[in-house]
Amino acid sequence: MEKKVIKITHVTGTYIIEVPNGALNDMKTQLDKCLNDEQGAIVVKGEDGDQFVYPSELLKNSFIAIVDKE
């Protein structure tokens, strides 16, 4: 199974969310909830314990693609 990433292209830059193995459907569900005003943001924990927050307003004003990890 190839690894997937969510690529978010916004006027402020391009953001990459790495999708953990087996979590693609969960990430798609979270994206849908953010785009439908059911969830305020997607929060992703990095390997070093850092948290990255992607607010729903950022996601709504972006081009989002799910692609294979390069």
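No value in this document is a laboratory result; all are computed from the given coordinates. Remember, predicted model here, so these are calculated numbers, not experimental data. Here the Cβ is made from the backbone with ideal geometry for all residues, glycine too, and neighbour counts use every protein chain on show.
Quick notes on this one:
- Quarter of the Cα convex hull surface for the range 4-68, i.e. its orientation-mean projected area (nm²): 4.3 nm²
- For the chain, calculated [θ]222 nm from helices alone, where every DSSP H run of n ≥ 4 adds -39500 (n - 2.57): -6500 deg cm²/dmol
- Extension gain (nm, one decimal) between His10 and Asn25, 0.36 nm per residue minus Cα-Cα: 3.1 nm
- In this structure, the pairs whose alpha-carbon distance is over 19 Å, taken from Lys3/Lys33; Lys3/Lys60; Lys7/Lys28; Lys33/Lys60, are Lys3/Lys33; Lys3/Lys60.
- Relative contact order, percent, the chain [alpha-carbon distance under 8 Å, six or more residues apart]: 41 percent
- Only the Cβ atoms of Lys and Arg (+1) and of Asp and Glu (-1) were treated as charged; on that basis the dipole of the chain about its Cα centre amounts to roughly 160 debye.
- Restricting the range 1-49 to GluC sites (Glu not before Pro) in coil, as DSSP defines it, with at most 13 other Cβ within 10 Å: Glu2, Glu38, Glu47
- Between helix 24-35 and the chain: long-axis angle, C-alpha atoms, 0 to 90°, nearest 10: 10 degrees
- For the chain, the longest site-free run once trypsin sites (Lys or Arg not before Pro) in DSSP loop states with at most 15 other Cβ atoms within 10 Å are removed: 4-68
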